[in-house]
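Have a look at the structure below, then the notes.
The values are calculated or read from the model by the stated rules, or taken from the named source; none is laboratory data. Only a predicted model underlies this, so the values are computations on that prediction, with no experimental measurement involved. Cβ coordinates were reconstructed from backbone atoms using ideal geometry, including for glycine residues, and neighbour counts include every protein chain displayed. Remember, those area values only see protein heavy atoms, side chains included, never the ligands or the DNA or RNA. Shrake-Rupley method; radii C 1.70, N 1.55, O 1.52, S 1.80 Å.
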Amino acid sequence: MPDFNQTNAELLARSMSAVWHPCSQMKRYERFPLLPVARGSGVWLYDYEGKEYLDAVSSWWVNLFGHCNPRINAALRDQLERLEHVMLAGFTHEPVVQLSERLSALAPNGLGHCFYASDGASATEIALKMSAHHWRNSGKPDKTQFISLENSYHGETLGALSVTDVALFRDAYGALIREHATVPSPDWRKADAGENAESFALRCSDALERHLQQHHSRIAAFIIEPLVQGAAGMAMYHSAYLRRARQLCSEYGVHLIADEIAVGMGRTGTMFACEQASAHRHPGLADSGGSERGITPDFLCLSKGITGGYLPLSVVMTRDEIYLSFYADEIARGFLHSHSYTGNPLACRAALATLDIFEQDRVLSANQEKTAYLNEVALPLREHGSVRNWRNVGMIWAFEVDAPQRDFAQRCFTCALDKGLLLRPIGNTVYFMPPYVISREEIGMLVNRTLEVIELSAK
Ligand SMILES: Cc1ncc(COP(=O)(O)O)c(C=O)c1O
């Protein structure tokens, strides 16, 4: 039985001697200790001494409906009494079937089959492999290259890292990774003076077109984080880019992989970010593919929030035509990829409970009000002298902080913890990605505490 009656210091010492923590230089924890978390409730996390922290980053962007959500807990308890796990090769079960049916009904048209894995990076691997394998099955075995945006992030297993453009994560493994090209990111912070986000996005899409013109015969797919490049520092861009990318990929016979691992499940204000690239938003591009409901990618990758932040689950949804290119008498034409926990019933059940909450609580429209409220109360923060590039899409907010010190991210993180706030800046970018259950009062606390933190850490 785990020991729930210990001090912060005791758990810290045990963790340092037994656990290798992710995305960490372990030695830094000598100066900046880990945060021991004893329990969670709603947007709050509590340490062993009862101190509370507002989880403004949804525990790495996964939590949607709060920690220890009673409805998800109840669904999991029920599922535990029925079936905890069964392998999905050769077997099936109600939660995975129902989840696939419901996701297909929600997602852009034609994404009729769901392939499951556990984490985001494994969804990326699957989409890349499926894309190249589809071309092989279709008599185009030379289409094995991928392209991604500058500063892209699609995960850290070797295949995913090959389409991830973050030097800090890639460089040590350069020799192990296949090189793929990147194209300019439509991140509007890079627009010229006087150029708006939409014109800049379209200018960047011209660079994509030039690349596709030259190399399309070798390219299997273009992988993209729709609307927001999270790890790049919540870089946001105009949806016209997505629409044009869809059009160009169709024209040049290249798959479009929408990595909605971070931005799917309502995070950008619509269930899927791809929905925002709809025809009526871009009258000039009305004939360019896609529909009123937005664009349909060839592959849609989901993870993180899909289980409400409870259990590792990812899914790659695929267009029917691609699925059918694998459907044959010959075994080797099939997609033989697998993971032991593929389609785990508990994780699928958490995902079903998550979808129930979306429906029952009309979450997307409730979030619109929360977004407007936060933007309103954040005015003093937006206008703070050290704050630049305030931006917002759905339930994601970000801004840069002008700070003289190089270690702003660490100072800000530590200072926020002191104030009972979990922020995790990316360089000088501070962002909010709170659980959707955040109340008005908690939004007020988030904004006020952040203002205090910026005052102290930007000195
Ligand atoms: C857009 C995107 N893709 C893929 C991943 C990788 O997901 P995971 O960390 O679950 O492997 C992430 C993680 O942050 C992400 O933001």
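Which is under 17 Å from Tyr53 (Cβ atoms) and touching a strand residue (DSSP E or B) at 6+ places or on another chain (Cβ under 8 Å), of Val393, Val401, Val447, Val430? Talk me through it step by step, then tell me what you get.
Numbers: Val393 fails: under 17 Å from Tyr53 (Cβ atoms); Val401 fails: under 17 Å from Tyr53 (Cβ atoms); Val447 fails: touching a strand residue (DSSP E or B) at 6+ places or on another chain (Cβ under 8 Å).
Only one candidate qualifies: Val430.
Under the condition of being open to solvent by 30 Å² or more (accessible area, probe 1.4 Å) and of a type in the set (Asp, Glu), which residue from the stretch 268-309 is modelled with the lowest pLDDT?
Here the answer is Asp287.
Taking the stated definitions as given, is Pro2 in a loop (DSSP other than H, G, I, E, B) and surrounded by 13 or more Cβ atoms within 10 Å (Cβ to Cβ)? Quick ask: steps written out before the conclusion?
Values: in a loop (DSSP other than H, G, I, E, B): yes; surrounded by 13 or more Cβ atoms within 10 Å (Cβ to Cβ): no.
The answer is no for Pro2.
Quick check on Glu359: is it open to solvent by less than 60 Å² (accessible area, probe 1.4 Å) and of a type in the set (Asp, Glu)?
Numbers: open to solvent by less than 60 Å² (accessible area, probe 1.4 Å): no; of a type in the set (Asp, Glu): yes.
No.
Take Ile223 and decide whether it is within 16 Å of the ligand (Cβ to nearest atom), β-branched (Val, Ile, Thr) and surrounded by 24 or more Cβ atoms within 10 Å (Cβ to Cβ).
Judged against the criteria, Ile223 is a match.
Go through the stretch 35-66 and give me each residue that's open to solvent by 30 Å² or more (accessible area, probe 1.4 Å) and not aromatic (Phe, Trp, Tyr).
Leu35, Val37, Ala38, Arg39, Ser41, Glu49, Gly50, Lys51, Glu52, Ser59, Val62
Name the residue, out of Ala235, Ala231, that is surrounded by fewer than 23 Cβ atoms within 10 Å (Cβ to Cβ) and within 14 Å of the ligand (Cβ to nearest atom).
On the way: Ala235 fails: surrounded by fewer than 23 Cβ atoms within 10 Å (Cβ to Cβ).
When all the criteria are applied, what remains is Ala231.
Could you check, for the stretch 106-121, whether at least one of its residues is among the charged types (D, E, K, R), within 24 Å of Val363 (Cα to Cα) and either more than 16 Å from the ligand (Cβ to nearest atom) or at pLDDT 95 or above (or both)? Reasoning before the result, please.
So in the stretch 106-121, the residues among the charged types (D, E, K, R) come out as 119.
With the extra rule that they be within 24 Å of Val363 (Cα to Cα), the set shrinks to none.
Within the stretch 106-121 (the criterion being among the charged types (D, E, K, R), within 24 Å of Val363 (Cα to Cα) and either more than 16 Å from the ligand (Cβ to nearest atom) or at pLDDT 95 or above (or both)), the answer is no, since none of the residues qualifies.
Which fully enclosed helices (runs of 4 or more DSSP H) of the stretch 357-459 have 3 or more residues being within 26 Å of His238 (Cβ to Cβ)? Show your work before the answer.
On the way: elements: 363-377, 379-382, 408-418, 440-457.
Correct list: 363-377, 379-382.
Only one of Arg388, Arg382, Arg440, Arg406 is over 20 Å from the mean Cα position of the chain (by Cα), at pLDDT below 95 and open to solvent by 50 Å² or more (accessible area, probe 1.4 Å). Can you tell me which?
Working: Arg388 fails: at pLDDT below 95; Arg382 fails: at pLDDT below 95; Arg440 fails: at pLDDT below 95.
Matching residue, one of Arg388, Arg382, Arg440, Arg406: Arg406.
In the stretch 67-99, how many are surrounded by 13 or more Cβ atoms within 10 Å (Cβ to Cβ) and part of a helix (DSSP H, G or I)?
12
What about Ser58, is it under 28 Å from Met445 (Cβ atoms) and at pLDDT 95 or above?
Numbers: under 28 Å from Met445 (Cβ atoms): yes; at pLDDT 95 or above: yes.
Yes, satisfied.
Among the residues of the stretch 209-220 satisfying the criterion of being in contact with a helix residue (DSSP H, G or I) (Cβ under 6 Å, 6 or more places away or on another chain) and in a helix (DSSP H, G or I), which is nearest to the ligand (Cβ to nearest atom)? Step through it out loud before you land on a result.
Residues of the stretch 209-220 in contact with a helix residue (DSSP H, G or I) (Cβ under 6 Å, 6 or more places away or on another chain): 209, 212, 216, 220.
Checking which are in a helix (DSSP H, G or I) leaves us with 209, 212, 216.
Numbers: Glu209: 24, Leu212: 22, His216: 24 Å.
It comes out as Leu212.
Could you please give the count of residues in the stretch 310-346 that are open to solvent by less than 20 Å² (accessible area, probe 1.4 Å), touching a residue at least 24 places away in the same chain (Cβ under 8 Å) and away from the ligand (no atom under 16 Å from the Cβ)?
Final tally of qualifying residues: 5.
Of the residues that make up the stretch 243-250, is at least one within 16 Å of the ligand (Cβ to nearest atom) and on the phi < 0 side of the Ramachandran plot?
First, the residues of the stretch 243-250 that are within 16 Å of the ligand (Cβ to nearest atom): 245.
Among the residues that remain, those that are also on the phi < 0 side of the Ramachandran plot are: 245.
Checking the stretch 243-250: at least one residue is within 16 Å of the ligand (Cβ to nearest atom) and on the phi < 0 side of the Ramachandran plot.
Which residues, counting only those in the stretch 131-155, are open to solvent by less than 50 Å² (accessible area, probe 1.4 Å) and more than 16 Å from the ligand (Cβ to nearest atom)? Steps first, answer last, please.
Going residue by residue through the stretch 131-155, those that are open to solvent by less than 50 Å² (accessible area, probe 1.4 Å) are 131-135, 137, 143-144, 146-149, 152, 154-155.
Hits for the stretch 131-155 are Ala132, His133, His134, Trp135, Asn137, Lys143, Thr144.
Kindly indicate whether any position in the stretch 48-64 is closer than 30 Å to Phe326 by Cα and assigned to a helix (DSSP H, G or I).
no
Quick check on my filter: what residues within the stretch 165-195 are touching a residue at least 24 places away in the same chain (Cβ under 8 Å) and either small (Gly, Ala, Ser) or within 22 Å of Ala398 (Cα to Cα) (or both)? So that I can check it myself, show each step before the final result.
We begin by selecting, within the stretch 165-195, every residue touching a residue at least 24 places away in the same chain (Cβ under 8 Å); these are 166, 180-189.
Matches in the stretch 165-195: Val166, Ala181, Pro184, Ser185, Pro186, Asp187, Trp188, Arg189.
Being in contact with a Ser or Thr (Cβ under 6 Å, 6 or more places away or on another chain) and either more than 24 Å from Ala231 (Cα to Cα) or not in a loop (DSSP other than H, G, I, E, B) (or both) is the requirement here; does Tyr29 meet it?
For Tyr29, the condition - in contact with a Ser or Thr (Cβ under 6 Å, 6 or more places away or on another chain) and either more than 24 Å from Ala231 (Cα to Cα) or not in a loop (DSSP other than H, G, I, E, B) (or both) - is not met.
Please determine, by comparing only the residues of the stretch 101-112 that are in contact (Cβ under 8 Å) with a residue 40 or more places away in the chain and either of a type in the set (Ser, Thr, Tyr) or open to solvent by 30 Å² or more (accessible area, probe 1.4 Å) (or both), which one is nearest to Ile426 (Cα to Cα).
Initially, the stretch 101-112 is screened for residues in contact (Cβ under 8 Å) with a residue 40 or more places away in the chain, giving 102-104, 106-112.
Within this subset, residues satisfying the condition of being either of a type in the set (Ser, Thr, Tyr) or open to solvent by 30 Å² or more (accessible area, probe 1.4 Å) (or both) are 102, 104, 106, 109-110, 112.
Values: Arg102: 35, Ser104: 34, Leu106: 32, Asn109: 35, Gly110: 36, Gly112: 36 Å.
Taking the candidates together, the pick is Leu106.
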